[in-house]
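Colleague: Below is a structure I'd like to ask you about.
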Amino acid sequence: MITVTDLCKSFDGTQVLNNVSLTVAAGEVVGVIGPSGSGKSTLLRCLNHLETPDSGVIEVDGHQAYIDERGKTLSAARIADTRSGVGMVFQHFNLFPHLTVLQNVASGPRFVRRKDRAESEQRARALLAQVGLAEKADQHPEQLSGGQQQRVAIARALAMQPKVMLFDEPTSALDPELVGDVLAVMQQLAEDGMTMIVVTHEMGFVRKVAGRVIFMDEGRIVEQGSPAEIFEAPAQPRTRSFLSSVLTHTAQDGTA
Amino acid sequence: MSSLFDPDLARTAFPVLLRGLLVTVELTVICGVLSLAFGLLVALARMSPFGPLRWIVSGYVQLVRATPLLIQLIYIYYALPFVGIRFSPFVSAVLGLTLNVSAYLAEVYRSGIEAVPRGQHDAAAALGMRPSVAMVRVILPQAIRIVIPALGNYMVSLFKDTSLAAVITVQEMLFAGQIVSAETYDYFTIYTMVFILYFAVGYPAIRLVILLEKRVKAGYSGRKKLIVTPTGGVETVELIK
Ligand SMILES: Nc1ncnc2c1ncn2[C@@H]1O[C@H](COP(=O)(O)OP(=O)(O)O)[C@@H](O)[C@H]1O
Ligand SMILES: [Mg+2]
């Protein structure tokens with residue numbers, strides 16, 4: 001579904017992604033973990049071309065994405081078209097505050113696919129029901145809790161019927177008691193066969209839902225494997241020290 | 001006071017001044033609407049990927065901002081006819097005021113557009129919106145809302161600045177006052193009335209801007225206040241009644 005080959009990206013001379021290669025099969029759920037600043041967000045943003053890679057090839061659904069045959073970056077309009085097949089959920093939700101919840105979810109089909117309003121909103125209502133927020137349709141995002149906003153953001157991304165969903169720390173900005181509802185929606189999505197790449201610090205979720213875990217550090221994929229392999233028997237010392245610091249921390253929080 | 005303010009003159013002058021006020025309001029509304037629209041176009045042109053358009057537009061903005069409005073009006077009405085460009089006083093005033101106010105509004109719009117968090121651009125792009133669609137559907141509605149109070153203040157300024165059109169013989173309220181007082185030499189009575197009439201329109205306008213500002217602060221649902229956190233997230237707090 002997604003193939004990344006030798007992806008490199010630097011900001012102002014600092015190498016943030018260093019020859020990252022990665023394959024994600026259809027229906028696979030991949031958890032991406034790693035310390036802050038290791039390039040996880042940049043990797044996801046490159047997959048969606050919110051950042052322009054310095055070099056490397058990204059294929060989505062069998063097609064080279066975002067650049068043409070001669071290696072030139074596509075026009076903004078054609079990038080937008082390609083991007084609509086990849087859903088993305090952000091740490092800070094980024095709902096459109098001037099639109100109601102329903103209009104947020106309908107915004108992709110309406111403004112990108114130019115479907116008519118009734119059709120878009122009907123589908124939006126179904127998606128809101130799916131994330132358990134049917135009754136919030138006519139409110140504005142600012143009237144919702146963070147957890148509810150994030151579920152709306154997931155519904156908004158799903159409305160475009162993406163082939164892949166990218167999650168960038170979807171629960172990191174939430175109060176602990178709101179995390180569960182969002183993770184439940186994501187788990188359901190995974191069980192329904194959605195291809196997902198999830199950057200998260202929720203190790204419990206990764207263990208339970210992800211088929212594969214990728215550990216990133218300093219712009220490189222240090223190690224990857226099944227949750228059992230990574231969590232029980234990490235091969236790399238850096239993975240071990242990261243996991244022990246995260247797991248100790250979570251245990252101390254009492255939320256593990 | 002009674003010796004200073006002449007009630008009989010006030011009664012005869014009132015309809016004349018009121019006609020002048022009508023022209024003042026007319027100028028304000030016409031130039032207001034035109035510059036709200038043109039200013040937005042100028043702001044968008046300044047962000048255009050097309051270099052020459054950006055340079056032309058930014059030259060225009062700097063030209064306007066670095067010279068006095070009074071001189072701009074005088075130039076259009078008195079100087080341009082020498083190169084064969086001739087407008088009536090009213091059209092000259094509309095042109096001068098609109099070009100002037102638009103340059104300032106363009107800066108206001110631009111600050112509003114820049115105040116919309118990056119996350120909004122990201123979310124619109126991630127859905128597959130093209131840049132123009134994202135601008136119209138996501139960025140501008142928020143940007144314009146942010147700058148509504150500032151736009152309102154510029155409209156009030158415009159209302160006051162229309163008095164400069166008297167210099168190019170537009171028969172707005174100040175000009176009407178000048179005509180009547182030149183006939184009677186009773187500057188006190190006439191200009192007191194002009195003063196009060198400006199205030200009678202200007203003060204409610206200021207109150208309206210304050211009201212708009214409160215509405216904007218009350219959030220999109222009318223009940224909450226929006227806070228953009230340093231990390232680009234958005235938090236809300238209930239307004240204390
Ligand atoms: N737009 C940007 N401009 C400059 N530096 C950036 C930008 N985005 C990310 N970085 C830098 O790239 C590095 C990796 O960031 P990021 O991908 O956000 O890491 P993570 O998501 O793993 O915490 C960090 O050092 C960060 O400061
Ligand atoms: Mg990150």
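Each reported figure results from applying straightforward, stated rules to the coordinates on display, with no laboratory input. Quantities reported herein were computed from a predicted structural model and do not represent experimental measurements. Neighbour counts run over all protein chains shown; Cβ positions are idealised from the backbone, glycine included.
Colleague: Say each of B:Arg11 and B:Gln62 gets a label point 7 Å from the Cα, pointing the same way as Cα to Cβ; how far apart are those two points in nm?
Modeller: For B:Arg11 paired with B:Gln62, the spin-label model returns 5.9 nm.
Colleague: Send over the Kirkwood Rh of the protein assembly as shown, from the inverse of the averaged 1/r over different Cα pairs, rounded to one decimal Å.
Modeller: Evaluated on the protein assembly as shown, it is 26.6 Å.
Colleague: Is the range A:32-75 rounded, prolate or oblate when judged by the Cα gyration tensor, a ≥ b ≥ c being the square roots of its eigenvalues, rounded requiring a/c under 1.5 and prolate requiring a/b larger than b/c?
Modeller: Taking the square roots of the gyration eigenvalues as a ≥ b ≥ c, the range A:32-75 is prolate.
Colleague: Ok, one more. Cα convex hull of the range B:1-157: how many Å³ per residue?
Modeller: In the range B:1-157, the Cα convex hull volume per residue is 165 Å³.
Colleague: Taking the Cα-to-Cβ direction at A:Asp54 and at B:Ile71 and moving 7 Å from each Cα, how far apart do the two end points lie in nm?
Modeller: Spacing of the two 7 Å Cα→Cβ label points: 5.0 nm.
Colleague: I'd like to know how the range A:167-206 sits against the 2.2 N^0.38 Å rule of thumb: what's its Cα Rg over that expected value?
Modeller: Taking the Cα Rg and dividing by 2.2 N^0.38 Å, one obtains 1.10.
Colleague: Of all the Cα-Cα pairs you can form in the range B:88-206, what percent are over 25 Å apart?
Modeller: 46 percent
Colleague: Between rounded, prolate and oblate, where does the range A:132-256 land on the alpha carbon gyration tensor, with a ≥ b ≥ c its root eigenvalues, rounded for a/c under 1.5, else prolate if a/b exceeds b/c?
Modeller: prolate
Colleague: Next question. What is the distance in Å between the Cα centres of the range A:25-98 and the range A:159-182?
Modeller: 16 Å
Colleague: Any idea what the dipole of chain A comes to, in debye rounded to 20, about its Cα centre with Lys/Arg Cβ at +1 and Asp/Glu Cβ at -1?
Modeller: 600 debye
Colleague: Over 24 Å between C-alpha atoms is what I'm after, so list which of A:Lys40/B:Lys217; A:Lys136/A:Lys208; A:Lys40/A:Lys136; A:Lys9/A:Lys72; A:Lys40/A:Lys115; A:Lys72/A:Lys115 land there.
Modeller: A:Lys40/B:Lys217; A:Lys136/A:Lys208; A:Lys40/A:Lys136; A:Lys40/A:Lys115; A:Lys72/A:Lys115
Colleague: Using label points projected 7 Å from each Cα along Cα→Cβ, tell me how many nm separate A:Thr248 and A:Gln188, to one decimal.
Modeller: 3.9 nm
Colleague: Let me ask you something else. Please list, by residue number, every one of the chymotrypsin sites (Phe, Trp or Tyr not before Pro) in the range B:97-191 that is coil in DSSP and has at most 13 other beta-carbon atoms within 10 Å. Walk me through the intermediate numbers first.
Modeller: Numbers: sites: B:Tyr104, B:Tyr109, B:Tyr154, B:Phe159, B:Phe175, B:Tyr185, B:Tyr187, B:Phe188, B:Tyr191; in loops: B:Tyr185.
Passing sites in the range B:97-191 are B:Tyr185.
Colleague: Let me ask another. Which net charge results for the neighbourhood of A:Ala65, defined as the other residues with beta-carbon distances under 14 angstrom from its beta-carbon, given Lys and Arg at +1 and Asp and Glu at -1? Walk me through the numbers before you get to the answer.
Modeller: Details: positive: A:Arg45, A:Lys72, A:Arg78, A:Arg83, A:Lys163; negative: A:Glu51, A:Glu59, A:Asp61, A:Asp68, A:Glu69, A:Asp81.
Neighbour charge sum, excluding A:Ala65 itself: -1.
Colleague: Now for a different question. Would you mind telling me the antiparallel percentage of the DSSP bridges in the protein assembly as shown, rounded to 5?
Modeller: Of all bridge pairs located within the protein assembly as shown, approximately 60 percent are antiparallel.
Colleague: List the trypsin sites (Lys or Arg not before Pro) within the range A:28-102 that DSSP assigns to loop and that have no more than 16 neighbouring Cβ atoms inside 10 Å.
Modeller: Those satisfying the criteria are A:Arg70, A:Lys72.
Colleague: Return, ordered by residue number, the residues of the range A:212-228 whose backbone nitrogen is under 16 Å from a label point located 7 Å along Cα→Cβ of A:Cys8.
Modeller: A:219-221
Colleague: Calculate, for B:Leu4 and A:Glu135, the FRET efficiency according to 1/(1 + (r/R0)^6) with r their C-beta to C-beta distance and R0 41 Å; round to the nearest 0.05.
Modeller: Plugging the Cβ-Cβ distance into 1/(1 + (r/R0)^6) gives 0.05.
Colleague: Something else now. Once the Cα atoms of helix B:51-65 and of chain B are each reduced to a long axis, what angle between those two axes, in degrees from 0 to 90 to the nearest 10, is obtained?
Modeller: Compared with the principal axis, the helix lies near 40 degrees.
Colleague: With r as the distance between the Cβ atoms of B:Ser111 and A:Asp68 and R0 = 60 Å, compute the FRET efficiency 1/(1 + (r/R0)^6) and round to 0.05.
Modeller: 0.95
Colleague: If you line up the Cα atoms of chain A on their principal axes, what length do they span on each, largest first, in Å?
Modeller: 55, 53, 33
Colleague: Between the range A:121-155 and the range A:184-215, what's the alpha-carbon centroid distance in Å?
Modeller: Going from one Cα centre to the other spans 21 Å.
Colleague: Something else about it: Taking Cα centroids, how far is the range B:10-31 from the range B:130-166 in Å?
Modeller: Using only Cα atoms to place each centre, the spacing works out to 25 Å.
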